[in-house]
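Scroll down for the structure; my scribbles are underneath it.
The values are calculated or read from the model by the stated rules, or taken from the named source; none is laboratory data. Everything numeric here is computed off the predicted structure, so don't read it as measured data. Counting neighbours? That spans all protein chains shown, and the Cβs are built from the backbone with ideal geometry, glycine included. Calculation scope for accessible area: heavy atoms of the full protein, side chains included, ligands and nucleic acids excluded. Shrake-Rupley method; radii C 1.70, N 1.55, O 1.52, S 1.80 Å.
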Amino acid sequence: GEAARMAGHETGLAGLPEPPQGPKWASINRAYLRAIIESQIPPYRARPYLGAGQSPEEDLEQQLAAGLSLTLREDFCWSLCFHPSFVRRLCFEGFLPICSEIANGTGLYVLLPKLHTRRCVLEFSELRVPKSARKRARGFRISVNQAFGRVIEGCVEQHGEDWLHPPMRALLTQLFEWEQARGGLAFRVGATPVGCAADPPGPVGYGAAMCSFELWDKSGELVAGEVGCISGRSYTSFSGFHRVANAGSTQLLLTAKLLEKADFAFWDLGQEFEYKAKLGARLWPRAQFLERFRAVRNSPSKLAQVVQDEELLSEPARLLRPPSEVPGLKNKLKPASSGSGSEKPAKPLPAQRGAEQAAEAEQGNTSSR
């Protein structure tokens, strides 16, 4: 259908291989595995199963049309389908894809698409930049999509496999490489990149493009980063890491400022944590998040232009200048509207106290953002 095309189900994506289950399970019929799991693990019987039948994406589309986002009682659905095109479609619909192993060491993995009842979101007018942030950012360099695989490795190094089990790492890497080979769907503004195949007839689908933000020190060492997904003018964080003091909080602030400069509507931070409240994030009810997300998922950002500014990326501390020091900007931007006038205000996260080091420590213990 139209939604599938807009989700970026283009020629070549369907041909990507699906990461296999562990050796014990790879040859077993998926429907049979589903029946075993549901019969032996009660929570899975209560969760909606997505991706049944011969066409996982069609099944997802039908369940969404039937009101899944309204009837889902908790945060999670589940699936045994790890095909890249299916996971990409989940991201395009606002789900955060998480992988879990059924009983540690079994090698049997399930996908847990998460659609939070309350989503942690940062609007850039709400971003809190500490006075010391600019000084701490000096000497760092930031980049986009230059070390996706190394950032994944950094997340696993710091947090363990957590939800980044082998099938998830494989499919995220597949999607990233596929998108970059086509010129980077996150950056495309309707034109066909040189050397890339033209899109099939129909509207340009911006889809959901995997990406990474990297922070480097003066010696060229990767000291922090995160992976996530871009859907039009929305960016969703998946996981991040840092290796030296202040690098994690600096990477977060610089990423926020890059996204703002690239005309993103907001930053989807997923699950609530204290360090996100310190940034200025708020909690949006699921319905509000989906309304805002769907409104911007098909509109292009200006990230392509921003990442061409080598001077800015090599001296990103300039992004943290207070408005009074920015040429031509006399007043701070007014907070963006959170939607229609009939909406209830987004619920703020609990007020947080403590030093920036505490936020850094919490970020370090958090894999899924």
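Observations on the model:
- Across the range 121-163, the qualifying residues are those that are acidic (Asp, Glu) and closer than 19 Å to Ala256 by Cβ, and the one among them that is surrounded by the most Cβ atoms within 10 Å (Cβ to Cβ) is Glu123.
Yes/no per residue for (1) under 24 Å from Arg119 (Cα atoms); (2) surrounded by fewer than 23 Cβ atoms within 10 Å (Cβ to Cβ); (3) in contact with an Asp or Glu (Cβ under 9 Å, 6 or more places away or on another chain):
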{"site": "Phe241", "(1), (2), (3)": "yes, no, yes"}
{"site": "Ser249", "(1), (2), (3)": "yes, no, yes"}
{"site": "Asp268", "(1), (2), (3)": "yes, no, no"}
{"site": "Pro300", "(1), (2), (3)": "yes, yes, yes"}
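- Residues of the range 34-55 that are on the phi > 0 side of the Ramachandran plot and surrounded by 14 or more Cβ atoms within 10 Å (Cβ to Cβ): Gly51 alone.
- Counted as qualifying within the range 9-85 are the helices (runs of 4 or more DSSP H) with 2 or more residues that are more than 22 Å from Gly107 (Cβ to Cβ) and over 24 Å from the mean Cα position of the chain (by Cα), namely 42-46.
- All positions within the range 271-295 that are on the phi > 0 side of the Ramachandran plot and modelled with pLDDT under 95: none
- If you filter the range 304-323 down to residues that are assigned to a loop (DSSP other than H, G, I, E, B) and open to solvent by 40 Å² or more (accessible area, probe 1.4 Å), you find that the one that is farthest from Arg136 (Cα to Cα) is Gln308.
- Selection status of Ser100, under 30 Å from Ala265 (Cβ atoms), small (Gly, Ala, Ser) and open to solvent by less than 50 Å² (accessible area, probe 1.4 Å): no
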